[in-house]
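The values are calculated or read from the model by the stated rules, or taken from the named source; none is laboratory data. Every value quoted in this text rests on a predicted model; they were computed, and no experiment measured them. FYI the Cβ positions are ideal-geometry reconstructions off the backbone, even for glycines, and counts take in every protein chain you see. Protein only, heavy atoms only, side chains kept; ligands, DNA and RNA dropped before computing areas. Shrake-Rupley method; radii C 1.70, N 1.55, O 1.52, S 1.80 Å.
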Amino acid sequence: MSPPRRSSSSHGDRTSTETLQRNNSSNSGVILDISALKMAEVDTEVPPLPPRYRFRDLLLGDQTFQNDDRVQVEFYVNENTFKERLKLFFIKNQRSSLRIRLFNFSLKILTCALYILRVSLDDPEEPNYKPCAICGNNSWSNTTDSSKINWELIFWVHRRVPVWAIQVSVALISFLETMLITYLSYKGNIWEQIFQISFILEMINTVPFIITIFWAPLRNIFVPVFLNCWLAKGALENMINDFHRAIQRTHSAMFNQVFILICTLLCLVFTGACGIQHLERAGKHLTLFDSFYFCIVTFSTVGYGDVTPQIWPSQLLVVILICVALVVLPLQFEELAYLWMESQKLGGNYSRHRAQTEKHVVLCVSSLKIDLLMDFLNEFYAHPRLQDYYVVILCPTEIDIQVRRILQIPLWSQRVIYLQGSALKDQDLMRAKMDDAEACFILSSRNEVDRTAADHQTILRAWAAKDFAPNCPLYVQILKPENKFHVKFADHVVCEEEFKYAMLALNCVCPATSTLVTLLVHTSRGQEGQLSPEQWQRTYGRCSGNEVYHIRLCDSKFFGEYDGKSFTYASFHAHKKYGVCLIGVKREDNKSIMLNPGPRHIMAAADTCYYINITKEENSAFIFKQEEKHNKGLPVTGLYDAPSRLPVHSIIASMGTVAIDLQNPDPPEESGKLTLPTENGAGSRRPSIAPVLEIADSSAILPCDLLSDQSEDETNQSDEEGSVGSDFVKGYPPNSPYIGSSPTLCHLLPQKAPFCCLRLDKGCTHNSFEDAKAYGFKNKLIIVSAETAGNGLYNFIVPLRAYYRPRKELNPIVLLLDYPPDNHFLEAICCFPMVYFMAGTIDNLDNLLQCGIIYADNLVVVDKESTMSAEEDYMADAKTIVNVQTMFRLFPSLSIITELTHPSNMRFMQFRAKDCYSLALSKLEKIERDKGSNLAFMFRLPFAAGRVFSISMLDTLLYQSFVKDYMIAIIRLLLGLDTTPGSGYLGAMKITEEDLWIRTYGRLFQKLCSSSAEIPIGIYRTESHMFSTSEGKDSSAQSQVSINVEQGAEHTERRDTWKEKASHRNSTTSDQSEHPLLRKKSMQWARRLSRKSAKPSSRAERISQQRLNLYRRSERQELSELVKNRMKHLGLPTVGYEDVSNLTASDVMNRVNLGYLQDEMNDHQNTLSYVLINPPPDTMLELNDIVYIIRSDPLAHMPEDSQVGQARGTRNQQDFGTETRDETHL
């Protein structure tokens, strides 16, 4: 039942009073005395007020809308008392407290200034000087006797009336303020307030002046007002703290401590100067400046002695000041040193002013190692336009000692700033000024045992950086491919395992692909090794300076004249004329880059050209060796009218600029009239190379006779070969092991293979094969040794099963895994042909024999995650190196490709004791490193030959993408990680004896462009060298070609055979002689052989050689017997095992040419291999050279009906894998 309505009144009636009492008695808090029914009635009868009037009317008590049932309630943040209000104004409120402290500081400074004014006006040496009004008429006697002290001059001074009045006013205000603050700060203990130093100083400096108001004779009494400087120091410190609280910002603790130290020193000097000056009034009468000078000399521990105190009171004051300084200053300096050390650990801040006026990038890492830092700095600052950039390193760990030492070098100290902090904290990102950064590099810690956890940390850092600075470009390095899609929002992402496995896979079909890519992604001027006496080092070092650049066609002098011409035409003639290699192009309306789109691609003015050269076109100077016979307004092609002959190109790198000599290049229309070398002086010639057409002719684009026919899969297979791949189909793999893998057309099985059939060493119900020999593979095996079957291993299989690889050339792949793979991984690889796995390790000989290592051409040893971290960093590769060295001894004919954690450990690969040549290479590496080279390790033989690889070498790919944003896309296309319609792929071809008639690399370029539309980009060259194991008399013998020759007719025939083969080898133009097909070193080698055969060896030498051969043969026999015994124990046939001691001379030479012979039996005879990127056109081809080529997309030249049929087959192939796509690992 609702109560009756009552009229509004300002006073509550009895009912509301009773209700209030009941509510107050039942509740301890503040409760409104309004029931729900009454409020409902009021709300229905009275319209609601606007929000801005409700609270105001409630406070003001609007009589027009006030119900008797409503009670005004006021809420206070603080206690509503007079003391609390004063405390809020004087102490708690930051802004009012700041004003009070500023006023107090001003008063203290004013008192000190008044004291200096009083001292300057007071001269005790004036006649009739009588400051004391209560001392009678005694005359002031100024004596020079130092033993007698005039105490009256110490206790009394002469104070002018205006100065006294001002000092009394200031003292009265200070006294009242001090008493008020003391009252407000009182918390129950009065003595604690009284005995504070600040309170005592205030009383000393204010009470005497207040007393002089009531007793005039005391107006000239001395008051040590200069002690107010200490009160001013305290007020200033509190004022700064209040200022920081008011503006809600924190300043550096280092700044505060330095400020306090400076104030302490000033107060000590000011107190000493004023105190000594006053006390010396009774002695030597020093001026204020003299006493200030004395204090400075004393506190600086100089102590000239020209000004000294004469009476004991002033001397006692000096002693007291020195004692105080010895106590106070060390404490201040200790605090300052501690803060300085902490600030050195944290790194301070990157100033906002510098961030807005200078450009900087942020490097976020979980732990910073010296190798990682130097790789980043060397590659980042290798670009001229980045010299003015700052690098801010944000790392959560304390700076390493080695890193600190590096950052103290003047080269880096002014450009690199280390900040200790986390990328997940906005405060640390603010310190690094992430929002103003040009880019943010987020790198993973690859040395972590748990690489998945390292990726998770990287993902969080990337998310935090994107959340804090959405407009800052992100460059992210991720380790595992399944985590890549979490950071797909980043501008550039490099997945380590994707690149690593794809590169190792291509190393098996294109030798030294890892070296080729590493040299391409490193910045170099091509100056490495130019002072070396070795010709191969000079050539290899010069070609290593080639990099990938881009330019628009309409802005290019290299390619501008080829507007409207075919791509192959532009690529060939640009290389012929300028020595640049055009490898790709991108349309203006298409974001995808196409490598070698083929002759059907017509160049347009808006196209972006991607080319390989020693430097970019903008840094090139064009030098013509003939006078221009036409005006500059004519086209570029009209400048040359010289007779047809081979061009000679000279590339000179100097100070970042390249001068290209153009010596009478051939006209395009006569490029096909190339004469061939004559034989025995005869004038006969072979057919010349066809010219490269300006516009594509489909009938002219046929596979080159140097290459394998890509169409042999369907038409040209014999019955024997057809049995190998007759059941293969082409299609897209139905199951991807992770999200984000690019679909690639591959050779697939018509039906999935059962998981039991993938196990190599165990038979099943479908087959009974238990070893590689039983399978009867036609091609050599590729064995991959890894710890686990990670998702990245999928990228090793895909490039080797790509659709453009001929079926008869597909090598069986055996995965030798420490731990068996899970079903998810087997589901992804069961659709690929000839892919098997086996559980085992490379340090177990039985496992190696079971997986068919004696039938393998390539063994890939992948770095294991469990060994990436060690107590000593560089010992992480110890087990891998020793195991690989053992396999070199056991299986010398095997090509082993090894991945190491640290690139510096590659010098231990193929290690030989007392190897003088390796020692010379080590010295060369140190020289190049001292010169600042980014590729100091490039001359190590295992790296140059592509036998060793470290994923840290690819870190520069991410750094280089800051300047070249297309580099990641191009490398992914080269490695087959991405497939773009119309884009080509990386391949290789071998130069045989039938191909030597082409003679030069430039002619080979024309041959490939005109016949099969392929673009060569480099050469992989293998040479035979003598590696001496002792110091010989002739130091030049280390680089000469030699063969170990044994006595007997059989070895003489072998020597003649090798000699004939060596006669086909050629060199570059720098070492050409009157015999163009025989190098100078080969002639020296022939003369040495003739001298050896002519001069019979002594009997002692023969006996020594026989003993050495017997020792080596016994060691080889031990290894051979060990392998054969293990094979017999496992039930494996021993027929396939080849002992190097039983190889014929021709077999040895073939393995030498292939770079496979890496054993101790031939210490003096071995091979070295190296990569020449974009060599000059006049480079002579040599036997067994492997040429890197970019082949055009085969699907781009297929008829439409065949493409439709191919797509139909692909669709059928994908049907059986749809049910497993939901199992993709996240």
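Just to be sure before I move on: is Glu498 among the acidic types (Asp, Glu), modelled with pLDDT under 95 and under 30 Å from Val860 (Cα atoms) in the structure I sent?
yes
Starting from the stretch 829-847, take each residue that is more than 19 Å from Lys762 (Cβ to Cβ) and list its partners that are among the aromatic types (Phe, Trp, Tyr) and open to solvent by less than 30 Å² (accessible area, probe 1.4 Å), counting only C-beta distances under 9 angstrom and pairs at least six apart or across chains.
So the pair list comes out as Pro833/Phe728.
Look through Ser785, Ser742, Ser768 and report the one residue that is more than 21 Å from His824 (Cα to Cα) and either at pLDDT below 80 or not β-branched (Val, Ile, Thr) (or both).
Of Ser785, Ser742, Ser768, the one residue that is more than 21 Å from His824 (Cα to Cα) and either at pLDDT below 80 or not β-branched (Val, Ile, Thr) (or both) is Ser768.
Please specify each residue of the stretch 416-441 satisfying the condition of being small (Gly, Ala, Ser), in contact (Cβ under 8 Å) with a residue 60 or more places away in the chain and in a loop (DSSP other than H, G, I, E, B).
If the condition is that a residue be small (Gly, Ala, Ser), in contact (Cβ under 8 Å) with a residue 60 or more places away in the chain and in a loop (DSSP other than H, G, I, E, B), then Gly421, Ala432, Ala437 are the ones that fit.
Only one of (1) assigned to a helix (DSSP H, G or I); (2) surrounded by 15 or more Cβ atoms within 10 Å (Cβ to Cβ); (3) of a type outside the set (A, V, I, L, M); (4) more than 50 Å from the chain's Cα centre (by Cα) is not met by Phe289, so which one is it?
Exception for Phe289: condition (2).
Residues that are in contact (Cβ under 8 Å) with a residue 60 or more places away in the chain, closer than 16 Å to Leu693 by Cα and in contact with a Cys (Cβ under 9 Å, 6 or more places away or on another chain): find the helices (runs of 4 or more DSSP H) completely inside the stretch 506-605 holding 3 or more of those.
Correct list: 567-578.
Is it fair to say Ile881 is at pLDDT 85 or above, in contact with a Phe, Trp or Tyr (Cβ under 7 Å, 6 or more places away or on another chain) and open to solvent by 10 Å² or more (accessible area, probe 1.4 Å)?
Yes.
Tally the residues that are out of contact with any Phe, Trp or Tyr (no Cβ under 7 Å at 6 or more places or on another chain) and of a type in the set (A, V, I, L, M, F, W, C), restricting the search to the stretch 208-237.
Counting residues in the stretch 208-237 that are out of contact with any Phe, Trp or Tyr (no Cβ under 7 Å at 6 or more places or on another chain) and of a type in the set (A, V, I, L, M, F, W, C) gives 10.
Return yes or no: is Ile276 in contact with a Ser or Thr (Cβ under 6 Å, 6 or more places away or on another chain), within 25 Å of Lys108 (Cβ to Cβ) and either open to solvent by less than 20 Å² (accessible area, probe 1.4 Å) or part of a helix (DSSP H, G or I) (or both)?
When the stated conditions are applied, Ile276 passes them.
Can you tell me which residue within the stretch 851-866, out of those that are surrounded by fewer than 24 Cβ atoms within 10 Å (Cβ to Cβ) and not aliphatic (A, V, I, L, M), is nearest to Glu787 (Cα to Cα)?
Only one residue fits best here, namely Lys864.
Given the options Ser922, Ser893, Ser918, Ser904, name the one that is outside any strand (DSSP E or B), more than 33 Å from the chain's Cα centre (by Cα) and of a type in the set (Ser, Thr, Tyr).
Ser893
List pairs: first residue in the stretch 1005-1021 and open to solvent by 10 Å² or more (accessible area, probe 1.4 Å), second residue charged (D, E, K, R) anywhere in the structure, Cβ distance under 6 angstrom, at least six positions apart or on different chains.
Glu1014/Arg1191
Could you list, in sequence order, all residues of the stretch 967-982 that are outside any helix (DSSP H, G or I) and crowded, with 23+ Cβ neighbours inside 10 Å?
Leu977
Within the stretch 987-1004, count every residue that is of a type in the set (Val, Ile, Thr) and without any contact (Cβ under 8 Å) to a residue 40 or more places away in the chain.
Residues flagged as of a type in the set (Val, Ile, Thr) and without any contact (Cβ under 8 Å) to a residue 40 or more places away in the chain within the stretch 987-1004 amount to 0.
Test of understanding: among Glu202, Glu192, which residue is of a type in the set (Asp, Glu), over 23 Å from Gln310 (Cα atoms) and modelled with pLDDT under 85?
Among Glu202, Glu192, only Glu192 is of a type in the set (Asp, Glu), over 23 Å from Gln310 (Cα atoms) and modelled with pLDDT under 85.
Let's see how each residue does on (1) in contact (Cβ under 8 Å) with a residue 60 or more places away in the chain; (2) open to solvent by 10 Å² or more (accessible area, probe 1.4 Å):
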position: Leu443; (1), (2): yes, no
position: Glu448; (1), (2): yes, yes
position: Thr452; (1), (2): no, yes
position: Ala464; (1), (2): no, yes
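Consider the stretch 922-944. How many of its residues are open to solvent by 10 Å² or more (accessible area, probe 1.4 Å) and in contact with a Leu (Cβ under 7 Å, 6 or more places away or on another chain)?
Count: 2.
Do you know which residues across the stretch 956-966 are open to solvent by 10 Å² or more (accessible area, probe 1.4 Å) and either hydrophobic (A, V, I, L, M, F, W, C) or in contact with a Leu (Cβ under 8 Å, 6 or more places away or on another chain) (or both)?
If the condition is that a residue be open to solvent by 10 Å² or more (accessible area, probe 1.4 Å) and either hydrophobic (A, V, I, L, M, F, W, C) or in contact with a Leu (Cβ under 8 Å, 6 or more places away or on another chain) (or both), then Phe962, Val963 are the ones that fit.
Can you name the residue in the stretch 86-107 that is hydrophobic (A, V, I, L, M, F, W, C), within 53 Å of the chain's Cα centre (by Cα) and farther than 15 Å from Ser198 by Cβ and, of all such residues, is most open to solvent (accessible area, probe 1.4 Å)?
Selected residue: Leu102.
Which one of the conditions (1) among the hydrophobic types (A, V, I, L, M, F, W, C); (2) within 29 Å of Ala453 (Cβ to Cβ); (3) surrounded by fewer than 24 Cβ atoms within 10 Å (Cβ to Cβ) does Leu504 fail to meet, given that it meets all the rest?
(3)
Of everything in the stretch 1157-1182 that's of a type in the set (A, V, I, L, M, F, W, C) and at pLDDT below 65, which residue is nearest to Glu1023 (Cα to Cα)?
Going residue by residue through the stretch 1157-1182, those that are of a type in the set (A, V, I, L, M, F, W, C) are 1157, 1161, 1168, 1171-1173, 1180-1181.
From what's left, at pLDDT below 65: 1157, 1161.
On the way: Leu1157: 12, Met1161: 18 Å.
Once the filter is applied, the top-ranked residue is Leu1157.
Say whether the condition of being outside any helix (DSSP H, G or I), open to solvent by 10 Å² or more (accessible area, probe 1.4 Å), of a type in the set (Lys, Arg) and in contact with a Gly (Cβ under 6 Å, 6 or more places away or on another chain) is met by at least one residue in the stretch 478-492.
no
From Ala325, Ala337, Ala355, grab the single residue that is assigned to a helix (DSSP H, G or I), at pLDDT below 85, open to solvent by less than 20 Å² (accessible area, probe 1.4 Å) and not aromatic (Phe, Trp, Tyr).
Ala355
Looking at the stretch 397-415, is at least one residue within 21 Å of the chain's Cα centre (by Cα), of a type outside the set (Ser, Thr, Tyr), closer than 24 Å to Ala465 by Cα and in a helix (DSSP H, G or I)?
no
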